[in-house]
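Where a number appears in this text, it was derived from the coordinates with a stated rule and is not lab data. Keep in mind that this is a model prediction, so the values were computed, not measured. Note: ideal-geometry Cβ built from the backbone for every residue, glycine included; neighbour counts use all protein chains shown.
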Amino acid sequence: MKHLIRLAATAVAACCAVAVGLALTAGPAAADPSAPAAAGGLDAAKKVVTARIDGRLAALRAFDVAIGAAKRLSSGHRSTLTGLVASDRSGLAALRTKVAGETTAAAVKADDQSMVNDYRIYLLVEPKVRLTIAADLETAAVAELRETADKLAAAIAAAKQNGKDTTKAEADLADMRSQTDAADHAIAGKADALLAVAPGPDADAIKSQVTPVRQAVRDARTDLHRALADAKAVKADLGK
Amino acid sequence: MKRTMAKVLAVGALCAVLLTGCGRGTDRRAGHDTSPATPPATSTTTGTAGGGAGTGTGGGTTGTGPTSADPQISSVDGLLTDLDNQVNSDSQPAQDAD
């Protein structure tokens, strides 16, 4: 469902971009972008840009909800993300007002570019929110899994003392610890690195910084699922 | 005088007989009321004892029981469910997403 919504949003965004381009290049304004545009074309362009800003403001409201609901988010990351979302909401609201008062096609086009390049809501802010929440969940899971491993080790020792064959349980526990360490290593410092990325006009440069973090979070998730499966296997090995 | 004394004694004897009779009657009724109550009391006691023994045997026979790691395992299960939801929310942006 989310994919459908995103697909629709992308399609709308693409159409809007084309519409802004058409609106801004139509009529006399095309010859001189700084000259006052024909009333119809300028109004149409302003409507399109305003709608694009509104879409970003709605996304930021959704991020606020996600941040509020993220129980394992560290206080530092919560503070950074809350500040970022509040700042972007404030900036985009001001830009929306500015668009409404523009009198030239060039000014509306500049506002449209500012809306994208100065904020990067979809390309950068969304991954910052989602992936930081995910990375902090993974950090919490690593801590829980390490505690679990210590308790399972004690259970194995007790079973061994009672004469039980614990060979498989020990092997599963070793793998559990290894997977947990791999997850910890994968996400170390990734959220902070992502939060430090600044918006800008170079979309490819932003993508090249976001993609490794996204991959690390996904890799860590796989490791953590394996570690949890190992923990359950140890329990089964011990007949618990 | 002797006749008066004889009447008093006769009345006293009559009262004694009547009182004894009433007492026996009361005892009999009490006994009758108490008797049926005894079996249910015994039955309840027996039932409770049976339940307790059943629970104890079940736990001991299977040998199952929570380990001290169980709360952590449940907690990690919950964390990973939240994580899956979060990672799925971060859908790969489309090529032209800005």
Margin query: Using each residue's phi in the range A:57-64, evaluate 6.51 cos²θ - 1.76 cosθ + 1.60 at θ = phi - 60° and report the 3J(HN,Hα) Karplus result to the nearest Hz, with x for Gly and Pro.
Written below: 5, 5, 4, 5, 5, 5, 5, 4
Next item on the list: Within 10 Å of each Cβ in peptide A:224-231, how many partner chain Cβ atoms are there on average? Round it to a whole number, please.
Entry: 3
Notebook entry, point to check: If r is the Cβ-Cβ distance from residue A:161 to residue B:70 and R0 is 30 Å, what FRET efficiency results, to the nearest 0.05?
Noted result: 0.90
Note to self: Within the range A:124-237, how many Lys pairs that are eight or more residues apart, or on different chains, come under 16 Å at the alpha-carbon?
What the structure shows: 11
Note to self: Going by amide H atoms built from the backbone, whose H comes under 5 Å of the H on residue A:73, apart from near neighbours?
What the structure shows: none
Notebook entry, point to check: If you wrap a convex hull around the Cα atoms of the range A:96-239, how much volume per residue is inside, in Å³?
Noted result: 100
Margin query: I'd like the distance separating the alpha-carbon centroids of the range A:57-99 and the range A:141-195, in whole Å.
Written below: 36
Next item on the list: Work through the residues other than residue B:70 whose Cβ is under 11 Å from its Cβ and net out their charges, Lys, Arg +1 and Asp, Glu -1.
Entry: +3
Next item on the list: DSSP loop (so not H, G, I, E, B), at most 15 other Cβ within 10 Å: list which GluC sites (Glu not before Pro) in the range A:140-240 pass both filters.
Entry: none
Check: Which of A:103, A:211, A:50, A:166 comes first, and how do the rest follow, when ranked by fewest Cβ neighbours within 10 Å?
Finding: A:103, A:211, A:50, A:166
Next item on the list: Step through the residues of the range A:174-179 one at a time and calculate ³J(HN,Hα) from phi using the Karplus curve (6.51 cos²θ - 1.76 cosθ + 1.60, θ = phi - 60°), rounding each to whole Hz and writing x for Gly and Pro.
Entry: 4, 5, 4, 5, 5, 5
Notebook entry, point to check: What does the charge add up to near residue A:100, with Lys and Arg as +1, Asp and Glu as -1, over the other residues with Cβ less than 13 Å from its Cβ?
Noted result: 0
Item checked: Pair residue A:69, residue A:117: separation of 7 Å Cα→Cβ label points (nm) -> 3.6
